[in-house]
Each structure stands twice: as structure tokens, then as C-alpha cells.
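Below: the structure, in C-alpha cells.
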Amino acid sequence: MNELYLHISETASTNVLMKEMLRKSALPEGFVVHADFQRQGKGQGSNTWESAKGKNLLFSLLLRPHHIAIEEQFIISQVVSLGIKNALNELNSDEAASFSIKWPNDLYWHDKKIGGILIENTLHGRIINASVIGIGLNINQEVFYSDAPNPVSLKQIAEKAYPIDLVLNAVTSNILHCYLEMSPEQVRKQYMDCLYRKTGYHPYQTTGKSFSAKIIDIEKDGRLILENRNGEVRGYYFKEVEFISS
């Protein structure tokens, strides 16, 4: 086993496995747990993540962002999603302009979801001791059976298969570049530049009510700022507002 890499054929969840490993030893920053299949892959909240065995990229990455203030921890989500988006651009440059980040951290191709992120932070006082970042990317799967409304894979987009290790290396290297080499201001600006539905009015829903609005800003704590057609501006945290599919 590489000191920064563990590959296993199957596990319940790479995030769960990494957190179990962290309880037993002090894993180094940049450590990766990569699985061919997850029995209990999770998305945000109660969502599940469908993935055919050996077809997609399923892994967790460990960061130790001690320098990031707790109230600004959303920057971790921005770093990771931006790094993945940049990796997708490298892997399929013909469609680079079509990849985007759907707030807060889903990866999209046009109106279809190609990947998602689940970040679990552990705190030590006022310090973020560890960030366990679970990433799922649809790479070579061609048929999806779950009730997810809009999945797509890199193979469906590019009409060719990709070696999973190649994608893993591209994703991890781009995330670490954003994390280590870019300032928070650079990350926030680039994140805003590649947001899904970043311009114009689009349909949203909150507490059962639908409305049309445009994205104005995203605050440091991750709050999405929308302006409706009447000029009213309001902020929403994750799960307080939903994008309505076109």
C-alpha cells in the first residue's frame, strides 16, 4: 500500500472507512481511500449514490485544513468542486465549457449530473482537524437504474471509456492544486465563474413555493444569494432552496 493510497474492491462507504481509520491512526493529509464499489454510497442528506461495480470513481480524500476558520469552511467545498471541474475539463476538453458546478457542490454537464461530493469535517476546538471528502463521479457507466432524474457519465459524453486510475490522478492533483496553490479569493472567483445557471433567471422552489430568480452572490459561509424578478434579494442555505429542472 502506498502511504497515501488505499485501494479496496468493496466497502460500505469510503468516507466511513476513512473515518474508522482516522480513529486508529493519524493519517497524512492527501490520503486517499479508493473503492471499486460502495454498498452504501451516500450523497448529501439522505440521498444515495448509484454506481455500477468497477465502472465509476468512488473515493475519499483527507485534508487537514487547520488554517481555515470554521465560519469559512465552505471554501473547502469550493476548492474540491472547482478542482473536479478543472479535471473534467482536462479529461474532455471538447466539452470543457459545458461542465459546471451546481451550488453547493454537484458537478454538472449541461443539465445532467456527473458527480457529487460529501464533506464531513471533524473539529478540535475552533480548528478544523480533518476534512473527509467523499467524491463520486460517473465515468464508464452507461445505464442508470435508480430514480435519479438526470445522471450522465463521462463515457456517455465523450463516447469512449476512461481508465479509472487516470481520472483519480487528474481529480486529486487538481483538487490539491486549488487547495495548496490558489488563494481563497481566486477560488471564490473561479467557483462563481463556472456556476450552473450563473446568468439569467431560472426556476427555484422553497417551502413549496416556486419562483424565478438569478444568482447574485455566494457568501463566505456558503449562503446562496438570489434576486427575484421583483428585485427582492434573499439568502438561502443548503436545503432551504431547490433548483427546479428545466
Confirm whether Glu181 is closer than 16 Å to Asn140 by Cα, free of Cβ contacts under 8 Å to residues at least 24 places away in the same chain and not aromatic (Phe, Trp, Tyr). no
Residue satisfying condition, being within 19 Å of the chain's Cα centre (by Cα) and not assigned by TED's automatic domain parsing to the domain that holds Tyr108, within set Leu180, Leu224, Leu154: Leu224
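Okay, residues lined up against (1) in contact with a His (Cβ under 9 Å, 6 or more places away or on another chain); (2) over 23 Å from Ala97 (Cβ atoms); (3) acidic (Asp, Glu):
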site: Arg126; (1), (2), (3): no, yes, no
site: Leu168; (1), (2), (3): yes, yes, no
site: Arg197; (1), (2), (3): no, no, no
site: His202; (1), (2), (3): no, no, no
site: Thr206; (1), (2), (3): no, yes, no
Could you check, for the range 62-69, whether at least one of its residues is modelled with pLDDT of 95 or more, under 17 Å from Glu120 (Cβ atoms) and assigned to a strand (DSSP E or B)? yes
Here is a list of conditions, (1) acidic (Asp, Glu); (2) out of contact with any helix residue (DSSP H, G or I) (no Cβ under 9 Å at 6 or more places or on another chain); (3) more than 18 Å from Ser98 (Cα to Cα), and Asp217 meets all of them except one; can you say which number that is? (2)
Residue pairs, Cβ under 8 Å, 6 or more apart or interchain, first in the range 149-170 and closer than 18 Å to Gly116 by Cα, second among the acidic types (Asp, Glu) and assigned to a loop (DSSP other than H, G, I, E, B). List them. Asn150/Asp111; Pro151/Glu50; Ser153/Glu142; Lys155/Glu142; Gln156/Glu142
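Quick grid of which residues meet (1) touching a residue at least 24 places away in the same chain (Cβ under 8 Å); (2) loosely packed, with under 15 Cβ neighbours inside 10 Å; (3) part of a loop (DSSP other than H, G, I, E, B):
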| site | (1), (2), (3) |
| --- | --- |
| Tyr108 | yes, no, no |
| Asn129 | yes, yes, no |
| Ile135 | yes, no, no |
| Ile139 | yes, no, yes |
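The values are calculated or read from the model by the stated rules, or taken from the named source; none is laboratory data. Remember, it's a predicted structure, so these values are computed and weren't measured experimentally. A quick note on method: Cβ atoms are made from the backbone with ideal geometry, for glycine too, and the neighbour counts reach across all protein chains shown.
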